[in-house]
Amino acid sequence: MAVCKANMLFVILTSYTVLLNRCANTNELLMQTFSKVLSLDNEFRKSHASLDERMDKLEIKLENSLSALQTQLTEGLERIAQTQKNYEPKLGGITNNFQSTISNTVTQMMKSQYTAINTAMKQEKVALMSLKTEMKNHMKNIDDEFQNAQSSLDERLANQTNAMDYKLERHSKSYKSSSDSIKSDLRSLTSRVSSIENMLPVDGQWANWMGWTKCDTRCKTGQMYRLRECNNPAPLYGGASCPGEDLEIRAFADCSEIRQNLGSVPSGVYHITTWKTNQHAKVFCDMDTDQGGWTVFQHRVDGSVDFYRNFSSYENGFGSLQGEFWLGLKLMHEMTSRTTHDLRIDITRANDSTAYIVYADFSVGAGSNYTLHVGDALSERGLPVVPDRYQFNSYANGSAFSTFDHDNDHSWSNCAVDYHGAWWYRNCIYLANLNGLYYTPGTYVSNRTAMIFDSFESLKTSRMMFRPSV
């Protein structure tokens, strides 16, 4: 690199020196030409001044001659008039001859003066013509000198240009030779650097990922993580750390995936990441009932949370996952839209007897109706036989979700208002109203505003949950 910089500096300095010499020679030639032009201009100025001076003298001389002639004529005419006046009575008949004589004398004098003036003007004219010729010769000399200087300047510039081109061509060849030499040196240097690098201590590299592990302090409940170490080979002399991450976290889309990947885990609150929008959310997972993996979306145990709420609350969810809550229609829609799901409803009566029923093909449609889709019953226990028109799946399937401020039912009135609940109402003839008012368990509520499912008696607890179908 040092050789390359030196050669380039030499080329630049040489080119700059040649340009300076070229400019210096050109400047010298211009100064010589300018000196000659100044000399000719001085001669022209002197000649012009001489001409002006001679013209002024001639003008003064002519004015003086004319003034003198006029004066002489005036004086002569006055003397003639006076003489005529004095001698006219005495001369008698000779007066006319005398006047004729005087007139001839005056005429002769004027002719003489005219001849003298004419001769002087001819002489001055000759002098002017001579001066004009001299001026033309001066101008011609100036033009010739300028042409000669221009030709000399063009010739010298052409010679200097040719010399400059020749020098640049020689320097270009020299630079190319130096460039080839530099490239060769760089290749040699690169080879030496590679050789030295091979001799240096090797920095650490990542080992393979270790196995997935249940979440601890490194991640959230319901997730897994795995690690890798920078030890392949181990860094020498405290080498730099390996690039990239040493921790990878894996999240799951629902409680069923958590159960499948984490194995036997207790029921509780877990973190999920939805499959479509990658939304991070917390859900309550039932990991005990029927092999677990259920995502709970409704839970009521004591009436501590008011379920008579507006549509926005049911859309986004409310309550506490550790107690009574509603998960939220928006999240339920995304979680049940990936595949088919089973729906399980568990209830507890006032006497603590329990019952459940499982339906196939459960999903919740998109907002703002969040239409319910539910199929046939797969299994049940503890529920009485009721007419088809009162069964939940027959009654609610295909219905939109209604609240007191979002009426989507088919009735002339608002069923959610009439029965103080929020549900997939079709018409206001039903038994299921699990989001109704929480009465003392076992209370017979004839107006059906209570939390009921299969009779008019209010329930003690209810739980609704889903998981992917097997």
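The values are calculated or read from the model by the stated rules, or taken from the named source; none is laboratory data. Here the structure is a predicted model, which is why all the values come from computation and not from measurement. Here the Cβ positions follow ideal geometry from the backbone for every residue, glycine too, while neighbour counts run over all protein chains shown. Areas reflect the complete protein model, heavy atoms only, side chains present, ligands, DNA and RNA absent. Shrake-Rupley method; radii C 1.70, N 1.55, O 1.52, S 1.80 Å.
Inside the range 351-367, can you point out the residues that are of a type in the set (Asp, Glu) and more than 26 Å from His333 (Cα to Cα)?
Asp352
Any idea which residue in the range 338-386 is modelled with the lowest pLDDT, counting only those that are open to solvent by 30 Å² or more (accessible area, probe 1.4 Å) and on the phi > 0 side of the Ramachandran plot?
Per the stated criteria, the residue is Gly382.
Using beta carbons and a limit of 6 Å, which pairs, at least six apart or on different chains, have the first residue in the range 408-436 and assigned to a loop (DSSP other than H, G, I, E, B) and the second one among the basic types (Lys, Arg)?
That search, which allows pairs on different chains as well, returns His410/Arg426; Tyr419/Arg448.
Kindly establish whether Glu248 is open to solvent by 80 Å² or more (accessible area, probe 1.4 Å), over 27 Å from Ser337 (Cα atoms) and charged (D, E, K, R).
When the stated conditions are applied, Glu248 does not pass them.
Could you tell me whether Ala400 is part of a loop (DSSP other than H, G, I, E, B) and at pLDDT 95 or above?
Considered against the rule, which asks whether it is part of a loop (DSSP other than H, G, I, E, B) and at pLDDT 95 or above, Ala400 comes out as yes.
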